[in-house]
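Colleague: Handing you this structure, nothing more for now.
The values are calculated or read from the model by the stated rules, or taken from the named source; none is laboratory data. The shown structure was predicted, so the numbers you read here are calculated from the model rather than taken from an experiment. Glycine also receives a Cβ, built like all others from the backbone with ideal geometry; neighbour counts cover every protein chain displayed.
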Amino acid sequence: MIRILLIVGLVLGAVSLAAAADPVEIKLGYLHASERKETISLLDLPSADNGLAGARLGIEDNNTTGKFLNQHFELLEERLSKNDDPGAAALDLAQKGIAFVLADLPADALLKAADAGRARGLLLFNVGATDERLREQDCRADVIHVAPTRSMLADGLAQYLAWKQWRRWLLVVGSHESDKLFADALRRAAGRFGAKIVQERVFEDTGGARRTDSGIVQIQRQIPVFTQQAPAYDVLVAADESEVFAAYLPYRTWDARPVAGSAGLVPTSWDASHDQWGAVQLQNRFIKSFSRRMTALDMQAWSAVRMVGESASRAPAGDAKAMEAFIKGPDFALAAFKGRKLTLRDWNLQLRQPILLADGRTIVSVSPQEGFLHPVTELDTLGYDRPETKCRLQ
Amino acid sequence: MPTPVTSTRSIVRGLPLAAVLWLLPLTHAVAFTAYVSNEKGNTVTVIDTDKMAAVKTIKVGQRPRGIELTKDGAFVLVAVGDDDTIQMIDTKTGEIAGTLPSGPDPELFAFDPSGKILYVANENDNTVTIIDLEQRTRVGDVQVGVEPEGMGLSPDGKILVNTSETTNMAHFIDTATRQIVANVLVDSRPRFAEFKRDGSELWVSAEVGGTLSVIDPEKHQVTKKIRFEVAGLRQEAIQPVGIAITKDGKTGFVALGPANRVAVVDGASHEVKKYLLVGQRVWHMAFTPDEKYLLTTNGVSNDVSVIDVAALKVVKTIQVGELPWGITISRQ
């Protein structure tokens, strides 16, 4: 097991109110896998500290606040190799006195970590996995979901496409499992918001490298052929989480049509170009500390650390159970630069959040769109709502 | 009552009677000058409060937000955050006459009672910068919480309150020692801090929390949390930002952002008495010096609403530049 113990360097500045007593220590764990994601665009290649850097910035922000409350936050990173047991890693973090663990893990590994940590009172924050099942049939009372679900992302996109009246979709789906799951969410969204999928096509992953010296010549010919002879459509919607083909679609389709989904107009929890509602302050802090731009995973990790920070401000900070109860309670709200407070769905512990629609250069829109109403909160027009849930928290 | 000025009369002449009657209350105001910072337009709109119309537009730096008049009325200071400075507009000429070393990304600021010292919230480096206005130099800074924003000075000038948006606190700073003497936790994303004139209460708005905390400035405790409810609006749309309290402390006004309303709060009982419908995403407000009118900046609808303070009615809307943000009103 590659194990890196990381103590985020913190220099407590001289502050008038720094009490004589030792500060309350609050330790968080960061559990992630060491697999590297392939991307089509060189610009999207994740850095080694993707996500982790967001958590570190959250720790720094919590410690700035902690100076005034005599609290000190620390982050311990644990990186799993392929054959490592996530359950053992969770127990190891609990052994080190950690009660809150951020997990950027695939669904099965996340559940193993949650089930192992439960006996030790660990509270997990799922910052990476978008799988519906983690919030539905496989939900857990000890897992809080900060990452949005595929259905929330798909609904956020579908509402905007409905607003644009681009109602006829050509759906192109990749051949990997995760692509199919995203396609399921897109089909559901089309049904909910009045879009029609005029045809579906599958883009088979036949292997091959994403980076070649003259691949562009072939792609320019392949994509028009692949997208020709489609029924009349307004927008091509792509489900390609595996990044095999979607980024090749814009400007290369047979018909001159916009692309959305996994490329073109992309629904996301965060984008480096987001600058509304004070977000530019967070973007600037992040760039200053890490010399790169902030990704959606970084934001999800930052949000999770801030959730713990909020509970430490407002509940007895040394008491992990009281902090957990505050996070799950009715008074919890997180400010996360999205124009409204983020709260938890109490039926499955999913963080409610607006969905940004990014084109890679700017934020085109933010869903929920005006006019999509809900009796409790418009944020619950995104994703599975209370009456539909299969989750029984325990 | 002062006689209406000639220019107004000539406007009134020829209008139908109903329109004349509607204009009447406005014609009796003493002419003041309002300055509105337009965040996206990179301009300051100048409003004549007698005509209740925009009379001039001044080009300023990138992203003007916080805007205040110097105590002597000689300059309007405007924080141009993306240029990392504060520009000084000469009120006589309407020209930019200089800049102040504000520190990075200045947003809101406050003067000490003498008008010689300026306190600036710098969002980007968690500090409050202290500037000597005569020397135009930076004389110190205070480390505060994450994303400092709101700035309120106690009437005696002894305590400066700064709110930090991600730390969610009101920091009480002793202006003599420049040390923090107390921190009061409020709800999420505190945006603005305003003392009553008699110093008996401090009001702090929480934009994301949706509340207004009334704080005892002596005990450093929240004594009351005011919540807002507007029929037909979701709770998330209610986002309190700007606060204005009448000199007698009897009436407070709270701008509710995307709720497009200004709440009228009783200064004694802290009950919400009324909600006034204004333009879209209302953020900051300023009284005319005679307190007859309260002007609000409505960012999304690019206008300023004029509230008749005695009648508690919105009496006029004035088109200004793009995304109006802050406002200050001069006696001249």
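Colleague: Can you name the residue in the stretch A:36-49 that is in a loop (DSSP other than H, G, I, E, B), surrounded by 11 or more Cβ atoms within 10 Å (Cβ to Cβ) and not basic (K, R) and is also modelled with the lowest pLDDT among such residues? It would help to see each step written out before you state the result.
Modeller: Here is the first cut: in the stretch A:36-49, the residues in a loop (DSSP other than H, G, I, E, B) are A:36-41, A:45-49.
Narrowing further to those that are surrounded by 11 or more Cβ atoms within 10 Å (Cβ to Cβ): A:37-41, A:45-47, A:49.
Then drop every residue that is not not basic (K, R), which leaves A:38-41, A:45-47, A:49.
Numbers: A:E38: 86, A:T39: 91, A:I40: 91, A:S41: 91, A:L45: 92, A:P46: 93, A:S47: 94, A:D49: 96.
My answer is A:E38.
Colleague: With the requirement that a residue be facing another protein chain (nearest Cβ under 7 Å) and touching a Ser or Thr at 6+ places or on another chain (Cβ under 8 Å), what does the stretch B:156-180 give you? Spell out how you get there, then give the answer.
Modeller: Filtering the stretch B:156-180 for residues facing another protein chain (nearest Cβ under 7 Å) gives B:165-169, B:179-180.
Within the stretch B:156-180, B:T166, B:T167, B:N168, B:M169, B:Q179, B:I180 meet the criteria.
Colleague: Across the stretch B:229-256, which residue is nearest to the other protein chains (Cβ to nearest Cβ) among those that are of a type outside the set (G, A, S) and touching a Pro at 6+ places or on another chain (Cβ under 7 Å)? If you could, list the steps in order and put the result at the bottom.
Modeller: Of the residues in the stretch B:229-256, the ones of a type outside the set (G, A, S) are B:229-230, B:233-236, B:238-241, B:243, B:245-248, B:250-251, B:253-254, B:256.
With the extra rule that they be touching a Pro at 6+ places or on another chain (Cβ under 7 Å), the set shrinks to B:239, B:254, B:256.
Numbers: B:Q239: 8, B:V254: 17, B:L256: 13 Å.
The selected residue is B:Q239.
Colleague: Could I ask something else about it? Among the listed residues B:G103, B:G145, B:G150, B:G81, identify the single one that is buried (at least 22 other Cβ atoms within 10 Å of the Cβ), more than 25 Å from A:G66 (Cα to Cα) and within 14 Å of chain A (Cβ to nearest Cβ).
Modeller: Values: B:G103 fails: more than 25 Å from A:G66 (Cα to Cα); B:G145 fails: more than 25 Å from A:G66 (Cα to Cα); B:G150 fails: more than 25 Å from A:G66 (Cα to Cα).
Every option except B:G81 fails the conditions.
Colleague: A further question follows. Within the stretch A:131-151, work out how many residues are more than 10 Å from the chain's Cα centre (by Cα) and of a type in the set (G, A, S).
Modeller: The qualifying residues number 2.
Colleague: Go through (1) on the phi < 0 side of the Ramachandran plot; (2) of a type outside the set (S, T, N, Q); (3) crowded, with 21+ Cβ neighbours inside 10 Å one by one and return the number of the condition B:R189 breaks.
Modeller: Looking at each condition in turn, B:R189 falls short on (1).
Colleague: Quick check, is B:V55 touching a Pro at 6+ places or on another chain (Cβ under 9 Å), in a strand (DSSP E or B) and hydrophobic (A, V, I, L, M, F, W, C)? Walk me through it before giving the result.
Modeller: Values: touching a Pro at 6+ places or on another chain (Cβ under 9 Å): no; in a strand (DSSP E or B): yes; hydrophobic (A, V, I, L, M, F, W, C): yes.
Considered against the rule, which asks whether it is touching a Pro at 6+ places or on another chain (Cβ under 9 Å), in a strand (DSSP E or B) and hydrophobic (A, V, I, L, M, F, W, C), B:V55 comes out as no.
Colleague: If you don't mind, another one. Across the stretch B:268-314, which residue is nearest to the chain's Cα centre (by Cα) among those that are closer than 22 Å to B:R65 by Cβ, polar (S, T, N, Q) and assigned to a loop (DSSP other than H, G, I, E, B)?
Modeller: The residue in question is B:T288.
Colleague: Of everything in the stretch B:198-226 that's away from every other protein chain (no Cβ under 14 Å) and among the acidic types (D, E), which residue is surrounded by the most Cβ atoms within 10 Å (Cβ to Cβ)?
Modeller: Here is the first cut: in the stretch B:198-226, the residues away from every other protein chain (no Cβ under 14 Å) are B:198-204, B:212, B:214-219, B:221, B:223-224, B:226.
Add one more test, that the residue is among the acidic types (D, E), and what stays is B:198, B:201, B:216, B:218.
On the way: B:D198: 10, B:E201: 19, B:D216: 14, B:E218: 9.
This residue is B:E201.
Colleague: Residue under question is A:A256, and the condition is that it be farther than 30 Å from A:L122 by Cα, in the same structural domain as A:A209 (by TED's automatic domain parsing) and in contact (Cβ under 8 Å) with a residue 12 or more places away in the chain; does it hold? Explain how you work it out, then say what you get.
Modeller: Details: farther than 30 Å from A:L122 by Cα: yes; in the same structural domain as A:A209 (by TED's automatic domain parsing): yes; in contact (Cβ under 8 Å) with a residue 12 or more places away in the chain: no.
Taking the combined requirement at face value, the residue does not satisfy it.
Colleague: Any residue in the stretch A:298-313 that's over 18 Å from A:I287 (Cβ atoms): show its pairings with residues that are of a type in the set (F, W, Y) and surrounded by 24 or more Cβ atoms within 10 Å (Cβ to Cβ) at Cβ separation under 6 Å, as long as the two are six or more apart or on different chains.
Modeller: Qualifying pairs under 6 Å: A:A304/A:F125; A:V308/A:F100.
Colleague: Can you find, within the stretch B:115-130, the residue that is nearest to B:A79 (Cα to Cα) among those that are in contact with a Leu (Cβ under 6 Å, 6 or more places away or on another chain) and touching a residue at least 40 places away in the same chain (Cβ under 8 Å)?
Modeller: Narrowing the stretch B:115-130 to residues in contact with a Leu (Cβ under 6 Å, 6 or more places away or on another chain): B:116, B:118-119, B:121.
Among the residues that remain, those that are also touching a residue at least 40 places away in the same chain (Cβ under 8 Å) are: B:118-119, B:121.
Working: B:L118: 12, B:Y119: 12, B:A121: 10 Å.
Checked the stretch B:115-130; the qualifying residue nearest to B:A79 (Cα to Cα) is B:A121.
Colleague: For A:W254, state whether it is in contact with a helix residue (DSSP H, G or I) (Cβ under 8 Å, 6 or more places away or on another chain) and buried (at least 22 other Cβ atoms within 10 Å of the Cβ).
Modeller: Values: in contact with a helix residue (DSSP H, G or I) (Cβ under 8 Å, 6 or more places away or on another chain): yes; buried (at least 22 other Cβ atoms within 10 Å of the Cβ): no.
No.
Colleague: Take the residues of the stretch B:58-68 that are part of a loop (DSSP other than H, G, I, E, B) and surrounded by 20 or more Cβ atoms within 10 Å (Cβ to Cβ): which is modelled with the highest pLDDT?
Modeller: So in the stretch B:58-68, the residues part of a loop (DSSP other than H, G, I, E, B) come out as B:60-63.
Then keep just the ones that are surrounded by 20 or more Cβ atoms within 10 Å (Cβ to Cβ); that gives B:60, B:63.
Numbers: B:V60: 97, B:R63: 94.
In this case the residue turns out to be B:V60.
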